[in-house]
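S.K.: Okay, here's the structure, questions in a sec.
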Amino acid sequence: MRLLGHPTNWSITEANLDPVRNNATDGDDLEPEFVDINKKNKAVVTFQENNWLAIVDLKTGQTINHFSAGEVDLKNVDNVEEDPPLIILDTDITKRREPDAVAWIDYDSFATANECDYEDGSGEEGGSRGFTIFNIDGTVEFESEESFEHWLVSAGHYLDGRSENKGCEPEGIAAGRFGFRTFLFVGAERCNAVGVYDVTSGTPKPIQILPTGIKPEGLKTFSKSWFGWFFNKRNLFAVSTEDNEDDIPTMINIYRMEYGPSYYPMIVSGDDSNGLPIPWVGLSGLGADPTTPKKLYTVSDSFLQKAFFYEIDASSHPAVIVDRKEVTGASADLDLEGIAVGPDGNLWIASEGNSSTRPNLVLKVNPATGAVISEFPLPTAPDDMTDNRRGNGFEGIAVTGTAGNEVVYAVIQRAWPNEGDTDEVNTKIGRLDPSTGDWDFVHYPLEPEGKGDWIGLSALTQLPNGKFAVIERDKGWGPTTGFIAEIKRIYQVDLDAATFHPYSEPQAPPLELLSKTLVRDVLPDLQATSIWTAEKLEGLTVDANGDVFVLVDNDGVDDATGETLFLNLGDWESAFNLP
């Protein structure tokens, strides 16, 4: 619909909403929330807090139909906000829809995003966490129920901090014609994502999840004017975001439809034994099965209440998380950051400590059960290395040797207070002999701090040439505000040729300082594949075929965009600029 002529010549016809006023059951005010107009000059209006919908003829201003939005039965959703978070899909609830945004799909049907913004007199909140397609006569043609939220869970985009009231909070919705297909776009305000559905046949078919900035609100397909016609010749869709957090600004993202496989998400989860998506967020380290190509492992860090490791099938795009197990039997709380597969098939996992209560631990774990077989702390008396520890401890881990004669290497992310000299700051890489529990160390020279604030190590993996690759990164993210991302790099070091020494205080003999070689700057890869350059490049591994994989931690979708980048950089010899 276009408005013609100068605004001073426009006339106003007041819509008669008395039928809604006389029938809506909740709230003291009508509070119309959102409106959309079709090409027949019919407006559909949502009354979110009253859980009501109305169809208005714009030529006469009369309400030609109105009806309750109704309620939805949801199965297996997370309805509890644990602290720390833990996504558990185990609760059945019934909720009012309470629609926010609305969009016409055709002349006879429209879709609502059912956010919820009202608490009734008994303290009950609505919000069915999905979307509904209604016929103009009030008939429900399709109800997403819990499927939209489950889809977000499978893509690592679910924010547990909203489980108790609104879940993923669908707020924005838009529909548009792209070529010969009609798409519906549903924005999840709290999950920082938009779900794209093909509704050409009437029944929504999930196509892709798009990442957004924080709290996507405005969705637009540009398909209802000559300006929109120009845009949609280029197959464009736009999303605006509401919030800015931790130097991530509000955004307007423009997406272009292309034919072929979806680029994002890059990793999703399959279903568990109950047919529900395996929940995940905040993935950290990466490790590879030494004999099976594309079989990888990753871990979740301390964002979640429990410590998990996950098995990944990386043979397809997107990669698929096929299994999850909790790590059990450890002597302390865990913050899993690195994972590697030992020569006997057991897992070696690095748990990052803090400066007070949580120790840095290397764990040997049974991959079939998740049970800890043995654990190894850092050196204690007489020279207690932990006296100088800080919150940035164990990260990447690698294992060499044969079964029963393993050698384990673990990186310490940042320099602890006693590191370095006047010219440079060094962190440590430790070498563990599991047969004795003894540790030895070398120094690793970190790059000087720049616009991205502090520098640290985040991963360690052995290369097919016997040397090792580490991720060195800064704390920066994004291109323009706050701490700007500058250093997201992979360096090669030769640990086999290095001389390791036990820790002592004062250090005698001095620790050897490694030399390093830059083999890949990953920053361009991150910039090319994300809407906001991620801070936490955390995972790195080389699989049994020699392919290099890297992984970005999405910070649990909490005050972050929630993107998880999982990249196959190709064969290690071509992926790395080797000397």
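S.K.: Going out from 0 in 20 Å bins, what whole percent of all Cα-Cα distances in the chain drops into each bin?
M.R.: 20, 47, 25, 8, 0
S.K.: About its Cα centre, what dipole magnitude does the chain give when the only charges are +1 on Lys and Arg Cβ and -1 on Asp and Glu Cβ, stated in debye to the nearest 20?
M.R.: In total the dipole reaches around 2380 debye.
S.K.: Also, quick follow-up: By the gyration tensor of its Cα atoms, with a ≥ b ≥ c the square roots of the eigenvalues, what is the shape of segment 7-256: rounded for a/c under 1.5, prolate for a/b over b/c, or oblate?
M.R.: It is oblate, given that a/c is not under 1.5 and a/b is not larger than b/c.
S.K.: Of 444, 255, how do they rank once you tally other Cβ atoms within 10 Å and put the fewest first?
M.R.: Neighbour counts put them in this order, fewest first: 255, 444.
S.K.: Taking +1 at the Cβ of each Lys and Arg and -1 at the Cβ of each Asp and Glu, which of 308, 291, 249 sits farthest along the dipole of segment 229-337 towards its positive end, judged by Cα position relative to the Cα centre?
M.R.: The one lying farthest along the dipole's positive direction is 291.
S.K.: Now a separate question. Tally Lys/Arg at +1 and Asp/Glu at -1 over every other residue whose Cβ is under 14 Å from the Cβ of residue 324; what's the total?
M.R.: With Lys, Arg at +1 and Asp, Glu at -1, the net is -4.
S.K.: Let me test this: with uniform point scatterers at the alpha carbons of segment 134-283, what is the Debye-based log₁₀ I(q)/I(0) at q = 0.08, 0.17 1/Å?
M.R.: Normalising to I(0) and taking log10 leaves -0.24, -1.07.
S.K.: Quick check on packing: order 429-437, 189-197 by the mean number of other C-beta atoms within 10 Å, highest mean leading.
M.R.: Per-residue mean Cβ counts within 10 Å order the peptides as 189-197, 429-437.
S.K.: I would also like to ask the following. Highest mean first, what order results for 149-161, 61-73, 507-519 on Cβ atoms within 10 Å?
M.R.: Packing proxy ranking, top to bottom: 149-161, 61-73, 507-519.
S.K.: From the cross-link list 364/536; 451/536; 75/166, which pairs have alpha carbons spaced over 18 Å apart?
M.R.: 364/536
S.K.: I would also like to ask the following. Of the options 157, 268, 186, report the single residue whose Cα projects farthest towards the positive end of the charge dipole of segment 154-274 (beta-carbon charges: Lys, Arg +1; Asp, Glu -1).
M.R.: 186
S.K.: Would you work out if segment 270-575 is rounded, prolate or oblate? Take a ≥ b ≥ c from the square roots of the eigenvalues of the alpha-carbon gyration tensor; rounded if a/c is under 1.5, else prolate when a/b is larger than b/c, oblate otherwise.
M.R.: It is rounded, given that a/c, with a ≥ b ≥ c, falls under 1.5.
S.K.: Of the options 320, 396, 531, report the single residue whose Cα projects farthest towards the positive end of the charge dipole of segment 270-575 (beta-carbon charges: Lys, Arg +1; Asp, Glu -1).
M.R.: Farthest towards the positive pole: 320.
S.K.: To the nearest 20 Debye, how big is the dipole of segment 1-145 about its Cα centre, given +1 on the beta carbon of each Lys and Arg and -1 on that of each Asp and Glu?
M.R.: 1220
All of the numbers you see were taken from the coordinates with simple rules; none came from a lab. Here the structure is a predicted model, which means the values were calculated and not measured. All Cβ positions, glycine included, derive from the backbone under ideal geometry; neighbour counts span all protein chains shown.
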